[in-house]
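Data first, discussion second: the structure below is written as structure tokens.
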Amino acid sequence: MSTCPNCGHEVSKEDQLCPNCGFNLEKYRKEFLNDMPKVRRAQYREEFNPKRQNSTVQKMIDWVRANATIVFVVGVILLVMMSFSRAAGWISFLLLMGWLYIVCDRKEKIEQYTADKRLTQKINQVGSDMFNHVEVHSEKVKRRSKKFEASHPDVAKKVKSVKEKKIHRFGYIPLSVVLTSTINLVVFFTGSGAAVSNITYTEHLSISKVILNLASKLLAGQNWMTAIVLYLVWLLLIVFPIYVIFNTLKNTSQSKTTAFILSLLETIFLIFVVFKLSAPVRATSGILGQVTSQLLTYAVSIGASMYFLILISIMTTALAGYNLFKKAKKIER
């Protein structure tokens, strides 16, 4: 097959997709040329082609392919905008799509912009220089290490023996613990999507904001003890993930045990709070009873974030426990 069965453009045996129209040549060869299963050519084309091709839409697709670097950079900018304001991000996206449609509708031929070429070259230059610098630096470190080992064999043996005693290496499991703990902090400080509407504005609430708002109200109402407990809860929900990250990065036996215990305590506390919020009969006395009753007023707003926070905390505890258990298992061996 020397030409694309869809558009007639010249193709080679190595091409998996048609460079002109994007037709899946590899799938076509397997299903049509091998006759397994037998598929009629017309039916196969109908799977991909519209009943009537719109020239402007085809030009828009060609424009995106020709200026892929600009599209990538604009996509990153839109993601950043979405994190601050979803409305601004969607409005910008729709405006850009409208602009692209107008440009492609007026142009007869789609070409790569000079800006896209220069941007691609710049990204290639910066990225290559950065990674080449890292590789050169690592090679220098290896050469110096070899020279040091050759000139100081006794010290090199001691260092090697110390490295061999280190059972744990910082692999995927510790990195996963750090990642889930970071997500824990992000969920705690970001809005859940639920909102409290006011006359003039709509405010998206986060778990952190809800706890601080409740504590300040209780403080103003002279309910000092409950307010202090809420402030402590807020502080612990921040300190625990940070300490879990810190102890995981230390990568020692004691620090990993500490990380697991802290994560377990946080998970137990969060499950206890949600249990109290969802229980048919809630405690009406005591500090914890007052805290849960106060949090209940915002349960609808932070419900999704709270359950997600518990899920992330459980994942962190499970990963930290697996990391600890794995180490203990290796020690036994």
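The label point for SER145 and the one for ARG86, both projected 7 Å from the Cα toward the Cβ, are 4.8 nm apart. Projected label points at SER255 and VAL155, each 7 Å from Cα along the beta carbon direction, are separated by 2.4 nanometres.
Amide H to amide H, with H built 1.01 Å from N, LEU17 comes under 5 Å of LEU25, counting only residues 5 or more places away or on other chains. Remark: for residue pairs LYS122/LYS146; LYS30/LYS117; LYS158/LYS256; LYS117/LYS146; LYS51/LYS107, the C-alpha separation exceeds 31 Å in LYS122/LYS146; LYS30/LYS117; LYS117/LYS146.
Shown is the FRET efficiency for ASN20 and THR114, computed with R0 = 30 Å from the Cβ-Cβ distance and rounded to the nearest 0.05: 0.85.
Where a number appears in this text, it was derived from the coordinates with a stated rule and is not lab data. All figures in this text were calculated on a predicted structure; none of them were measured in a lab. Every residue, glycine as well, gets a Cβ built from its backbone with ideal geometry; the counts of neighbours run over all protein chains shown.
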